[in-house]
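Each reported figure results from applying straightforward, stated rules to the coordinates on display, with no laboratory input. Every value quoted in this text rests on a predicted model; they were computed, and no experiment measured them. Cβ placement follows ideal geometry from the backbone for every residue including glycine, while neighbour counts extend to all protein chains displayed.
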Amino acid sequence: MRKEALSSDLAERVAKISPGETLAKRNVAASRVAKLLGISSVLPKSEMVAIEADGKKQYGVLMAEAKGIPFYKFYYQEAGEEYRNKKLIYSPDAMRDLMNLQILDSLCGQTDRHIANIMADVEIREIDGEQRVVIKKITGIDSDLSFGKITYSALNGGQPLGSLKRIEYLDGLAFPAMSKEVAESLLALTPEMLDYEMIGLISKAERQALLDRLLGIQEAIQRQKDYEAGHPEVPTKFLEKDQWADYQKDLTKKLIGNKQFKDKLKKDTYLTPTAVVGIKID
């Protein structure tokens, strides 16, 4: 009951989702947006289905099962004895997944992303002579509190909106890095295409807020691209698939002994600094 009360409060106060607005359809809507951006793998596939029972049609949501272990279990030593007291570290692919999930959540207005609804697909590998728990892939689950009426200005206004992170500061994108492919997909996504995919899933007011967030995110990405084009000496924030490994190494160097940068990474991103560097979770 307490969890339901907290979810209701978050829905109305933060996500601005009115009572009675269907939550389950939001998983389908988020799945469709992920597909439009070419990152379907960061969310379980969700579809509207019709089932006939006793001569009557019933409509519902069918969702694929997400592979992995809830992220929080590694922090509370509940993931299993084989993972206990081993260093937890992202693979470059998992880092890319998290950044993809973050920009997807920003567009979708997902206000409830936390370590209990992020699944980590892991394996134990020997690295530098010791066994580590390597996160191979990340999948977000539970998009029920997405697609409220949050505008881009509210999203980027600096006020707490659940788990949502701001997109940009005056000096550029708040994201330390973004998939180049996803950035290009976002810039190519038209309001008409996005709106069409949402019909029947979220309300008109929520679709208008979604399109407002799309426009704001597109403009922020374009500003960053324009700045980089005029300042070739500045490292790009838009990474190709094969650049994430080097990016992780650079990020690790910046994090070691730098509390200010660590705090900024925690504030602006979904990345857990200890899992970037690879530190034992006590």
Q | Dipole-positive endmost among G230, S143, S41 within the chain (Cβ charges, Cα centre) | A | S143
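How large is the Kirkwood hydrodynamic radius of region 111-257, counting all unique pairs of alpha carbons, in Å?
Answer for region 111-257: a Kirkwood hydrodynamic radius of 17.9 Å.
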Q: Set the Förster radius R0 to 35 Å, insert the Cβ-Cβ distance between E12 and V61 as r into 1/(1 + (r/R0)^6), and round the FRET efficiency to 0.05.
A: 0.95
Q: Report the charge-dipole magnitude of the chain in Debye, nearest 20, computed about the Cα centre from +1 at each Lys and Arg Cβ and -1 at each Asp and Glu Cβ.
A: 540
Q: Report relative contact order for the chain in percent, whole number only (criteria: Cα-Cα under 8 Å, sequence separation at least 6).
A: 24
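Beta carbons within 10 angstrom, averaged per residue: use that to sort the peptides 265-275, 122-132, highest first.
265-275, 122-132
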Q: Compute the relative contact order of region 227-282 as a whole-number percentage, counting only Cα pairs closer than 8 Å that sit 6 or more residues apart in sequence.
A: 23
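Could you pull out the pairs from K25/K267; K86/K266; K204/K241; K25/K56; K253/K280; K45/K86 whose alpha carbons sit more than 28 Å apart here?
Beyond 28 Å: K25/K267; K204/K241; K45/K86.
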Q) aspartates and glutamates within cross-link reach of K165: Cα-Cα under 12 Å, excluding same-chain residues under 8 positions apart? A) D105, D112, D268
Q: Counting helices only, and only those DSSP H runs with n ≥ 4, report the 222 nm mean residue ellipticity of the chain as the sum of -39,500 (n - 2.57) divided by its residues, in deg cm²/dmol to the nearest 500.
A: -12500 deg cm²/dmol
Q: Could you give the spread of the C-alpha atoms of region 70-128 along their three principal axes, from largest to smallest, in whole angstroms?
A: 37, 24, 12
